[in-house]
1. Placing +1 at every Lys and Arg Cβ and -1 at every Asp and Glu Cβ, with all other atoms neutral, what dipole size does chain B have around its Cα centre, in debye to the nearest 20?
2. Using alpha-carbon positions, what is the distance between the centroids of region A:1-58 and region B:39-101, in Å?
3. Between beta-carbons, use under 14 Å as the cut-off and find the net charge around A:Thr93, counting Lys and Arg +1, Asp and Glu -1.
4. Using a cut-off of 14 Å between beta-carbons, work out the net charge of the residues near B:Ala105 (Lys and Arg +1, Asp and Glu -1, B:Ala105 not included).
5. Under the convention of a label 7 Å out along Cα→Cβ, give the distances in nm from A:Pro102 to the same position in every other copy, shortest first.
6. Using only Cα atoms, figure out Rg for the protein assembly as shown and give it as a multiple of 2.2 N^0.38 Å.
7. Who wins for biggest fluctuation among B:Ala95, B:Ala12, B:Ala30 in a Gaussian network model of chain B, springs between alpha carbons below 10 Å?
8. Which distances, shortest first and in nm, link B:Gly3 to the matching position in the other copies, using label points set 7 Å out along Cα to C-beta?
2 protein chains.
Amino acid sequence: MSGKVFPTAQDAENAFYEALERCDLEAMMAVWAEDEDIVCVHPGGPRLAGQDQVRESWASLFAGGPQARLQVSAQVTIGGMMLAVHSVHEMFTLAGAKPGDPAPAPIVATNVYLRTAAGWKMIVHHASPAPVQGEPPAAAPAATPKILH
Amino acid sequence: MSGKVFPTAQDAENAFYEALERCDLEAMMAVWAEDEDIVCVHPGGPRLAGQDQVRESWASLFAGGPQARLQVSAQVTIGGMMLAVHSVHEMFTLAGAKPGDPAPAPIVATNVYLRTAAGWKMIVHHASPAPVQGEPPAAAPAATPKILH
């Protein structure tokens, strides 16, 4: 799976969130650059760096299998030739949640992608709990990407 | 001040943290790109976007004047021709803190800089509380920057 090629940063982001929702460790790690400078911050967690720490953290998070549905919204993207930065809101809905159950906190994530010889790969995922300001949760349309040349 | 030119992303980052420590709003806003796609997430806060929201948030944070000393450490940098990404730990020390007082939580920040016609400018600052893993707080030397060509 690590040979998977993503032609655009958005392809890599789509694969990232599919892997996250499915709790698919190999698909998740196929999104990340094979680089010791990768950085991952899970909500409330420490900064993790390098393949080993990042893989271990996802393996631990995925151990229980898929627990939640995920909706990604309100994307802001800034794209260069070699690097692309996406800011998104992540809204999780726990499986088996009943009406009236408290919803998990919305998450704001900054995702950075690098164009490598093997296509676009994730190099930074920084996620933290954040109230959503001035936007209906999980409903805002994706913004038009801004492309830099 | 908004005409200030930063020749490198590191120059912009140095100015960002100097402005943050001094609570200097004009110096802070001189670091940010004049762009509606800028994104700022303060620890535990919502995602702010655009000049108005970002300026208002710093004005509010700076209203009380300088309250803390700040040490930035453990920098990981990924630099391209047009975009640069820096991950750092921020350690605040409150003015007047006595030995034994609880220290403010360490902050992990992802900072993204864009090369503009007016030099390097900040376009993303995402900060969140995070325990520091495997590193003595505020003591790790800066890593060697990684340059992409």
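The values are calculated or read from the model by the stated rules, or taken from the named source; none is laboratory data. In this text, all values refer to a predicted model and were calculated from it rather than measured experimentally. In this analysis, Cβ positions are derived from the backbone assuming ideal geometry, glycine residues included, and neighbour counts consider all displayed protein chains. We work out accessible area using only protein heavy atoms, side chains counted, and drop any ligands, DNA or RNA first. Shrake-Rupley method; radii C 1.70, N 1.55, O 1.52, S 1.80 Å.
1. Roughly 280 debye for chain B.
2. 26 Å
3. Surrounding charge for A:Thr93 is -1.
4. Surrounding charge for B:Ala105 is -1.
5. Its label point is 1.8 nm from the equivalent points in the other copies.
6. Its radius of gyration relative to the 2.2 N^0.38 Å reference: 0.97.
7. Of the options given, B:Ala95 has the highest mean-square fluctuation.
8. Ordered by distance, the counterparts are at 5.7 nm.
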